[in-house]
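Report on one structure; see the data block that follows.
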Amino acid sequence: MGTISQTELNDVARLMNQRPRKTLGWKTPEEAMAEELAAFRSNVALETSNQGVGWDTLNKLIKKGYVTAGRHDPKRDIYGITYLSAKPQNQIGLGILEIIEFDEVRNRVSVEYKEDRERQVKSVWHRSEHDAGAYGSDMLRTILGSNAFTFPKSLYAVRDAIVSVSRDNLNALVVDFFAGSGTTLNAVSLLNSLDGVSRRCILVTNNEVSPEDAQQLTANGHLPGDPVWEEKGICKSVTWARLKFTTLGSRNDGTELPGEYLTGALSNAISGGPSDTRHSSRLRTS
């Protein structure tokens, strides 16, 4: 290939992409791609900052690797996206941020601040992984195998919140007095599994049952404190179950938890900053 020029390669690519294909209904690859992009464009929930971003600007950002697509939301049939806003783009130009990696498969850059003091925590975050539907409700359903809790937080929103306030305190103690579905400890365990440190976490919760379960249990002659009643409580059926399953990587029946985490380098997971470096791991923490 060393004897073939880029011009010759471009000519070959053009011939291939402009040739009708039977598998595409006798469309050319260029035509098929244009239709796919048009369909994608109509199904994308385009996030806007106070500067706003249109499709022309978005396409320019995509070419630079500054745009990340989130998970598909089947209920609304849309994709969430995040992008580097004007401030981090300017910081790249000024050398405050540096591009440390370019993922050619996903066409996105990973950036980090050169100096810790340049990092600022924002009050409003725009990240596709903070979607409480995909990374809260759907993830908890994957772990427990049921809809046992309403409106859990995104695991990654909690992860980023913990990192933004604990920073370099790798032995931090995180206390959550309203544990709910256990997202906080799940996030702490995930962070610890990434860098092998020992952040600690204390969860506080009651074992309240839902009004529907309480009504059914009462009708069956059970009272609070009965084993059957307590098994239906939030701590037993949700909080404890989630943390046990994600720690072991499997449920009580021995089935392995499906799916993967989005995980990232802690140095980049600062709230309001650019998207962090990610890699995949099983739904298991240690």
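Each reported figure results from applying straightforward, stated rules to the coordinates on display, with no laboratory input. Worth saying up front: this structure is predicted, and the values here are computed from it rather than measured. Please note: Cβ atoms are built from the backbone with ideal geometry, for glycine as well, and neighbour counts cover all protein chains shown.
So here's what we get for this one:
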{"item": "Computed over segment 107-168: relative contact order in percent, which uses C-alpha pairs under 8 Å that are six or more apart", "result": "29 percent"}
{"item": "Cβ crowding within 10 Å averaged over residues, with 15-27, 148-160 ranked highest first", "result": "148-160, 15-27"}
{"item": "Sequence of C201, C235 once ranked by neighbouring C-beta atoms within 10 Å, starting from the fewest", "result": "C235, C201"}
{"item": "I62, I202 arranged by Cβ crowding within 10 Å, fewest neighbours leading", "result": "I202, I62"}
{"item": "Low-density loop cleavage sites - GluC sites (Glu not before Pro) in segment 58-148, where at most 14 other Cβ are within 10 Å (DSSP)", "result": "E104, E115"}
{"item": "Centre separation in Å (Cα based) which lies between segment 13-32 and segment 88-113", "result": "34 Å"}
{"item": "Residues of type aspartates and glutamates that K75 reaches as a straight line, Cα spacing below 14 Å, ignoring anything fewer than 8 places off in the same chain", "result": "D131, D138"}
{"item": "Chain lengthening between R21 and R200 when straightened (0.36 nm per residue, less Cα-Cα)", "result": "58.6 nm"}
{"item": "Whichever aspartates and glutamates have a C-alpha closer than 20 Å to that of K22, once near sequence neighbours (fewer than 8 apart) are set aside", "result": "E30, E31, E35, E36"}
{"item": "Full-stretch length increase - K60, S5 - with 0.36 nm per residue and alpha-carbon distance subtracted", "result": "17.1 nm"}
{"item": "Neighbour-count order for T184, T7, fewest beta carbons within 10 angstrom listed first", "result": "T7, T184"}
